Structures are given as structure tokens and as C-alpha cells.
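To keep things clear, I will list the structure first and then write my remarks on it.
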Amino acid sequence: MFHFHRLLRNVSGLQHVTILQNALSAAQKHQQHQQRQQFGSSTREKLRRVLVVSKLTRLEFEKIREEQLSDESLEQKIRDRGTDYDAIKYYHHLHKDVEQKVVRSFQQHGIEVQVVNRITIHKDALQWADLIVPIGGDGTFLLAAGRASPFFLSNGKKTPVVGFNSDPRRSEGRLMLPKQYSTQVDEAIRRMIAKDFRWMHRSRIRTTLVGAATTERPSPMDLHEFHSQPVEHKEVMSTVPNGKSRILPYLALNEVFIGEMLSARVSHLHLRIDSSETITKTKSSGLCVSTGTGSTSWLTSMNRLSTNNVKDLLEIVRKRTGPGSTLDTIDPESVSQEYNDNLVFAPDDPRLCYSIREQICVGVWPNPKGLESRGYAKEIFVKSRCVDASLVIDGSIAYNFNDGARALLEVYPEDSLLTIDMDD
């Protein structure tokens, strides 16, 4: 708000009243403008501006990469290398049909729409929008959520993100609206405008680089196959008791992975969990730190227990307990399913779940002993002893994380992603 005492200094009488009224009017207009910018900040706010983040299809990528070729020449080149051009074209049109339906439906309700993709997305469009609507799969949702980080946007805005799955038959789309809304687009948008849904917060991981090396501006890379070049970004500087720190602008909705870029090379990482004074030296295939949202994805995949694993374990126990054991009544498949279901935790859970991938547990490793390969934490400190490693946010944005690099991974309530739940 405005500082009225500064305006009133050195004036008197009626001037006080006039200046105060003008200042109040300006403040009210400023506040109304700010509210219009933030759909979801108040139950009275209306949806006016939507930014659609479109999946960059394979066909679009091929046209960008071979922009000098005509459509006919491009088709022939794709066919000559043995790629199914007809499938590429079919799925391109499948996605675009859903996108056009979403754009048209919003416009029919008098809502202004802009459309961007992985390459054309930019800060001005993100700051302009009341609502960000990715159309594609979970990868497109993660792209939109990552670029909509309040650290990335100069005004610190927190904009809701709500996605449509453009290919529900082939894509699970766990982050998107339920699959029926891929065909019931008008109904989904009607519910959004009427606010017939539940607001939902998804925890995200804040990554802070710590130490002298943070004085060097880290250059993030977009690892996506369609756009492997430096991306627009903005760092936030702050100080910590042991020196400089740099908060990375991208918040991880799914997970942060730290490890050697060459997958066959062992990752040497030093870990400290929560407030423990013990730093554990590890050798592994990398570290995955997941949110509740990401627990349905990579975290579950790397820790999944198969039905055959359960059968083998039951057979070992059966040999030790002898004949007539009640183990014969246990269904291995149901045990496997229950174990895997328990790997998943709530999207708004403030905890981190870490998983040390293929941890070497022979000889002196880990050093000291006792650190489990998987567990929960409030914060995790990581120091690299790697040769050519990266810190990767949501499988897309990567920062160099070589020998001596240090990072602190945490969850803050104010960093959570605002989205909606229509799962009746």
C-alpha cells in the first residue's frame, strides 16, 4: 500500500483530505489491478486471460529442424530413414484438435487466449496470464509449471496451472485433468469459470546452491530433445551463515536428480539428511529426491517390487518355517501391489523422499554405514565428488554439478504449485 504519511508531509487543511482521497483511490485501483492478475487469489476473481502451453509435436519439431525443406521433401526424408510419417502426422492432428477445442471454448466465454510452446514460451506471457493451461501430457505440464515458478517471474506471481491430456489413450497424464475432460472440454471450462472444483496445492522442491562456486552464474540447459540449448532464467541471491548461496529459479514438481551424465559411471555423492551432523559418503547410480507428486513416477519405478520378487522372498521364508506354513495362502501379486502403492504419498506432503539409486553397499560403502537407500527427510544436503555430473530438475532443466558443488534441497509452503482437482 501507499505511504500516506509521506504524502501528507508539509501540507494542511483541505489539502490533507484531497491528497488522502486521491491516494486511497490510487491504492484501490492498484489493488484491483493486482487482483485481476491473480485468478485464484480470491473467490470473487474472474478468469480473464489464459495462456495455453502447447505440446511441441514431433511433426512441428521436424519442420523446425528442417525448415529449408518443403512439406513434401520433409515427408520423404522422414520416410527414407524408416520413421512412420503417417503416425507422426496422425498424432500431430490428434493433439491440435484438442488444443483448438480448448482455445475455442475459452474464447466463447469471452476469455482472452495466447498460445505458446516449449520454444516460444516467455516471461511476459506468463506474467500476463490469470491461468496457465498446458495441453499435451505430463511433460508439457512440468514445462508449464517450471516456467511459472515465482522465482522465475519478476513479480513473484503465483498463477494456477491446469492441464488437458491431448492423448488419453496413450498417455496416463496424472498431472492433467481426468481423462474424460479431453473429450468434454466445454464442461471442464464451464466448471473452471464457475469455480466448481477444489483448489489443490502440490509441494515443490527448492534447490539452493551453496558455497563459493555460486558466485559464478550457473547456466541451465533444457535437456528436452526438442530444445537442447540454454534457457531464459533468473537467479535469486541471498546469504547463508557459511557464505553465499543461490536459489535456483526452477522449482521441482516431480523430482531432483543428481548424478553423473554418463550413466555407466559411478556417482560419488556426500549426503547429510536433515539436521544430522553425519555426512555419508556414497557410491551409486545417482540420487533421486522426490515430492509426493513425483512419487507416482520415477520414485515408484526405481523402488517397485515385482510379483516375482515377492515369490522369491516367500519361498525363502517358506524354507525357514517348514511345511504347513500359512504363507501358502498369501497372494504374491496383492503383496506386490500393496508395497508399490505404499511408495506413493500425498502431493501436498511437506516431506522429501530420497532414493539412492543402485547404492553400492559392499566393503566400506556407504561410509559410515547405516544410511538406508530410501527414506524421508525435511531437507537434504548434497556435495558432489563427481567428474561430469548434473543436477536435473523434473527431467528437463539441468545445471552442472561437478566435484565440489553443494546443494540444499528443501520444501517451503509458499513454493507450492496451485492447481485444481476435478476428480469427483
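The values are calculated or read from the model by the stated rules, or taken from the named source; none is laboratory data. Small disclaimer: the values here were computed from a predicted structure and weren't measured. Cβ coordinates were reconstructed from backbone atoms using ideal geometry, including for glycine residues, and neighbour counts include every protein chain displayed. When the accessible area is computed, the model is the full protein with side chains, heavy atoms only, and any ligands, DNA or RNA have been set aside. Shrake-Rupley method; radii C 1.70, N 1.55, O 1.52, S 1.80 Å.
Structure notes:
- Counting 0.36 nm for each residue step from N342 to S301 and taking away their Cα separation leaves a gain of 13.5 nm.
- Surface analysis of the range 49-196 yields an accessible area of 45 Å² per residue, using protein heavy atoms and a 1.4 Å probe.
- Portion, in percent, of the accessible area of the range 312-367 that falls on carbon or sulfur, probe 1.4 Å: 54 percent
- Accessible-area composition of the range 49-196, carbon plus sulfur, in percent [1.4 Å probe]: 45 percent
- When each of K101/K123; K96/K179; K46/K101; K55/K123; K55/K179 is checked by Cα-Cα distance, pairs over 23 Å: K101/K123
- Backbone N under 19 Å from the D71 label point (7 Å along Cα→Cβ), restricted to the range 87-121: 87-100
- Set of lysines with alpha-carbon distance to K283 below 16 Å, sequence-local pairs under 8 removed: K369, K383
- 3J(HN,Hα) from dihedral phi, the range 123-135, Karplus parametrisation 6.51/-1.76/1.60, rounded to Hz, x for glycine, proline: 4, 4, 5, 5, 6, 6, 7, 8, 8, 10, 10, x, 10
- Residues Y399, Y412, ordered by accessible area of protein heavy atoms at a 1.4 angstrom probe radius and largest first, appear as Y412, Y399.
- Candidate aspartates and glutamates - alpha carbon under 19 Å from K281, same-chain residues fewer than 8 apart omitted: E260, E358, E372, E379, D388, D403
- Integer Hz, Karplus 6.51/-1.76/1.60 couplings in order for the range 354-367, x for Gly and Pro: 9, 9, 7, 6, 6, 5, 7, 10, 10, x, 8, 9, x, 10
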